[in-house]
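Engineer: Below is a structure I'd like to ask you about.
Coordinate-derived values only; no laboratory data. Nothing here was measured: the structure is a model prediction, and the numbers come from that model. Using ideal geometry, Cβ is built from the backbone for each residue, glycine included, and neighbour counts are taken over all protein chains shown.
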Amino acid sequence: MSRATDHEVVSIYRHSDEQLDALLTKAPECVLMWGTKDGWPVGVVHSYVWHDGKVWITFAAHRHRASAIRRDPRVSVTVSGRTSDDPECPRGAVTVKGRAEFHEDRDTKEWFYRALSKKVSPDDKAGEDAFYSLLDSPLRTLISVTPEKWISFDADKSARHRTGELSEDELSPLQSADAERLAKERQRRGIDG
């Protein structure tokens, strides 16, 4: 079966670096995921800021996620283009696997609170200031997530490929899930391929 007609091969539809930057800048929300002490994966939706190659998120320091992430800073963050009203936001989604770092200093908090407030209320200074006041709490903490691995799916590229409008040179290289594991899984299930 060719890659163009195999609907299970999706690693060939990754975003470019420019698309990732646009998606992470324009999408309004992300899902922050971490592992609990007893091994359960958990995720919560957050507003966030993409800045300086990192995902920046805030929450109250007494939340379970704070102690879980301090214990094990390995987290994932997923962003979907579907949540954006901006027509320039790339379609599809990206998951960042990375490590979180906590920030408690006042300068970083002030920068972040203002950046997030402007993102949440870009055309409403009163709304921006009100959100800033809400964020500016002594119980609030801030993390930045530095990406170590990207898992990306460009929905436009996939749609264009299915209709024959995408050239083969626009495809990304196959990742191991499609290059190796797909054939093994087909064999295990007795599927010709």
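Engineer: Suppose R0 equals 25 Å. What FRET efficiency, 1/(1 + (r/R0)^6) with r the Cβ-Cβ distance, do ASP86 and SER167 give to the nearest 0.05?
Structural biologist: About 0.40, to the nearest 0.05.
Engineer: I've got another one for you. Relative contact order (percent) for region 17-162, with alpha-carbon contacts under 8 angstrom and 6 or more residues of separation?
Structural biologist: Relative contact order comes out at 29 percent.
Engineer: Using Cβ contacts closer than 10 Å as the measure, can you line up HIS51, HIS62 from fewest to most?
Structural biologist: So the ranking, lowest neighbour count to highest, is HIS62, HIS51.
Engineer: Between ARG186 and SER137, with labels modelled 7 Å along Cα→Cβ, what's the label distance in nm to one decimal, could you check?
Structural biologist: 5.2
Engineer: A follow-up question, please. Go through region 85-99 residue by residue and turn each phi into a ³J(HN,Hα) via Karplus (6.51, -1.76, 1.60, θ = phi - 60°); whole Hz please, and just put x for glycine and proline.
Structural biologist: Coupling constants for region 85-99: 8, 6, x, 8, 6, x, 7, x, 8, 9, 10, 9, 9, x, 10 Hz.
Engineer: Which trypsin sites (Lys or Arg not before Pro) from region 6-88 combine a DSSP loop assignment with at most 11 other Cβ atoms within 10 Å?
Structural biologist: LYS37
Engineer: Could you tally the net charge around THR95, taking each other residue with its Cβ under 12 Å from the Cβ of THR95, Lys/Arg +1 and Asp/Glu -1?
Structural biologist: +2
Engineer: Run the numbers for ASP123 and HIS51: contour at 0.36 nm per residue of separation, minus the present Cα-Cα distance, in nm.
Structural biologist: Taking 0.36 nm per residue and subtracting the Cα distance, the gain is 23.9 nm.
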